[in-house]
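Okay, structure first, notes after.
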Amino acid sequence: MDEVINTFSRIAKTYLSEIESRGVFPSEEALRKIKQFDIPLQDSSKDPVEVLKELDELGSNATVANTGGRYFGFVIGGVLPAPMGANLLAGVWDQNAGLEATSPVAAQLEEICAKWLSSILGLPASTGAGFVTGATMANFSALAAARHALLKGIGWDVEENGLFEAPPIQIVVGAEVHVSVLKALSLLGFGKKRLIQAAIDSQGRMRPETIPTLQGPVIICAQAGNVNTGAFDPLEAICEKARTMNAWVHVDGAFGLWAAASAGSAYLTKGMSNADSWATDAHKWLNVPYDSGLVFVREPQHLVSSMSASAAYLDSSGKREPFHYVPELSRRARAVEIWAALRSLGKNGLAEMVDRNCKYARLFAEKLQAAGYAILNDVVLNQVLVSFGNSQTTQRVIRSVQKDGTCWCSGTEWQGKTAMRISVSSWKTTQNDVEKSLRAILRIAKNECGSS
Ligand SMILES: *Cc1c(COP(=O)(O)O)cnc(C)c1O
């Protein structure tokens, strides 16, 4: 085992020391090399140290360098040192976090993290939390709790009787709802065609006055942080409207929920604590390793009722049984990394990281605008949408930026326009990274726009 740990340690140090000097996306050569993994599995066993070396030799250069400071694609954070180390230690511990009986330490850390997180994110003190793979499963779990609570309220036990003859639930989403919410709804038996769509404004925010007044059980799916613009639905007004019809409000805040951790951006989340459930990702803005999502429910008994495998599992000791809060039974101990991230950052460190990322997003927007390119969104958080002219030109710039390798940004469509999307979500990004990336983007844009 010692030699495996030493080998790993050598490989990891080299990987991290080279990450800033290589292209953010793997080279053609590195991509060719991973084809060498494609061999028939041999009969005999192989030395674990040799296995690690082979993985490094063939695989390390074919990774996307999102642990470096110049990855701005999708909304993918880096990984902070403390949760990276905690992740490795948790691997050594090999805990099954499903039950308190299989990992007292994981169960304890979940409870602590749930408390710390509801306080940091400004959620009601009663809130219960589940530790899932990502925001997709967090949305799923929260909406399962909503389904349970609303149907129970009108005398239908959905866990016992299913949905086939159940009274209908009406579901409102904004026109800019994230696809993962649609997926979660369809997994729960709420077909996509049955959804009621509320209109949005120029930033993708739901317009609460377009939510119809409905009879019977209603779920409103709101959004804290549009994946393109970073804009927040007006949560206070939505929750007010919801109260008039007894609706359950769910907030998808995969990255946006973390805005609540800083005084500089918390205004965006105003009214958020009036909702009934929330979903977020720790692997995005908290910068812990993949995979790590969080579901929060104001009245945790609804989550527990929808997630408990059977009443026989429920014990009466009043203890928090981790698997009663999530779809899985056996799973890894994600709270170990979340605890390590929060413990190392502290409240101020987390707020500072959020502020710093937002500041760099504004810097990107300012400099690109000053160079004559159109910024398509109000940069209120960490997301920037930039157009370099018509769709073809913008697409050419995006392709060249990705190929150049100095940094990596995604392409997207925003209200009929093609845009390059810059998402600043890593602790690792420095002012120097932003300036270096801007130089590359502006050089490429000048070339591409000149030749259009
Ligand atoms: C990323 C994202 C999701 C999906 O999260 P996963 O962790 O990939 O499951 C959902 N909603 C929004 C707004 C997102 O940005």
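The values are calculated or read from the model by the stated rules, or taken from the named source; none is laboratory data. The structure presented is a predicted model; accordingly, all values stated were derived computationally and were not measured. Every residue, glycine among them, receives a Cβ derived from its backbone with ideal geometry; neighbour counts consider all protein chains shown.
When 126, 141, 103 are screened for being of a type outside the set (A, V, I, L, M, F, W, C) and surrounded by 24 or more Cβ atoms within 10 Å (Cβ to Cβ), only 141 passes.
Could you please find all residues in segment 271-283 being within 19 Å of the chain's Cα centre (by Cα), among the polar types (S, T, N, Q) and more than 10 Å from the ligand (Cβ to nearest atom)? Within segment 271-283, just 277 meets the criteria. Sub-6 Å Cβ pairs linking a first residue in segment 341-366 that is within 17 Å of residue 256 (Cβ to Cβ) and of a type in the set (Asp, Glu) to a second residue that is at pLDDT below 95 and not in a helix (DSSP H, G or I), at least 6 apart or interchain, number zero. Taking the listed residues 125, 138, 198, the one that is more than 30 Å from residue 347 (Cβ to Cβ) and of a type in the set (A, V, I, L, M) is 198, with no other qualifying. Counted as qualifying within segment 383-446 are the strands (runs of 3 or more DSSP E) with 2 or more residues that are crowded, with 24+ Cβ neighbours inside 10 Å, namely 383-387, 417-423. Checking each residue in segment 119-176 for being part of a helix (DSSP H, G or I), small (Gly, Ala, Ser) and within 12 Å of the ligand (Cβ to nearest atom) picks out 135, 138, 141, 142. With respect to the conditions (1) of a type outside the set (Ser, Thr, Tyr); (2) closer than 20 Å to residue 325 by Cβ; (3) under 18 Å from the mean Cα position of the chain (by Cα); (4) not in a helix (DSSP H, G or I), residue 257 lacks only one, and its number is (4).
Quick test for you: out of 343, 331, 356, pick the one residue that is more than 18 Å from the chain's Cα centre (by Cα) and within 16 Å of the ligand (Cβ to nearest atom).
Working: 343 fails: within 16 Å of the ligand (Cβ to nearest atom); 356 fails: within 16 Å of the ligand (Cβ to nearest atom).
That would be 331, the only listed residue that is more than 18 Å from the chain's Cα centre (by Cα) and within 16 Å of the ligand (Cβ to nearest atom).
Note on segment 240-270: residues that are within 20 Å of residue 141 (Cα to Cα) and within 16 Å of the ligand (Cβ to nearest atom) amount to 10.
Kindly indicate whether any position in segment 218-226 is within 12 Å of the ligand (Cβ to nearest atom), closer than 30 Å to residue 81 by Cβ, among the hydrophobic types (A, V, I, L, M, F, W, C) and outside any loop (DSSP other than H, G, I, E, B). Yes, the conditions are met somewhere in segment 218-226. Scan segment 290-298 and give yes if some residue there is within 16 Å of the ligand (Cβ to nearest atom) and either assigned to a helix (DSSP H, G or I) or among the aliphatic types (A, V, I, L, M) (or both), otherwise no. Yes, some residue in segment 290-298 is within 16 Å of the ligand (Cβ to nearest atom) and either assigned to a helix (DSSP H, G or I) or among the aliphatic types (A, V, I, L, M) (or both). The set of residues in segment 47-64 being free of Cβ contacts under 8 Å to residues at least 60 places away in the same chain and part of a loop (DSSP other than H, G, I, E, B) consists of 47, 63. Of the residues making up segment 196-217, those that are in a loop (DSSP other than H, G, I, E, B) and away from the ligand (no atom under 16 Å from the Cβ) are 199, 201, 202, 207, 211, 212, 213, 214, 215, 216, 217.
Based on this model, can you work out whether residue 143 counts as free of Cβ contacts under 8 Å to residues at least 24 places away in the same chain, of a type outside the set (S, T, N, Q) and in contact with a strand residue (DSSP E or B) (Cβ under 9 Å, 6 or more places away or on another chain)? Break it down stepwise before answering.
Values: free of Cβ contacts under 8 Å to residues at least 24 places away in the same chain: no; of a type outside the set (S, T, N, Q): yes; in contact with a strand residue (DSSP E or B) (Cβ under 9 Å, 6 or more places away or on another chain): yes.
Considered against the rule, which asks whether it is free of Cβ contacts under 8 Å to residues at least 24 places away in the same chain, of a type outside the set (S, T, N, Q) and in contact with a strand residue (DSSP E or B) (Cβ under 9 Å, 6 or more places away or on another chain), residue 143 comes out as no.
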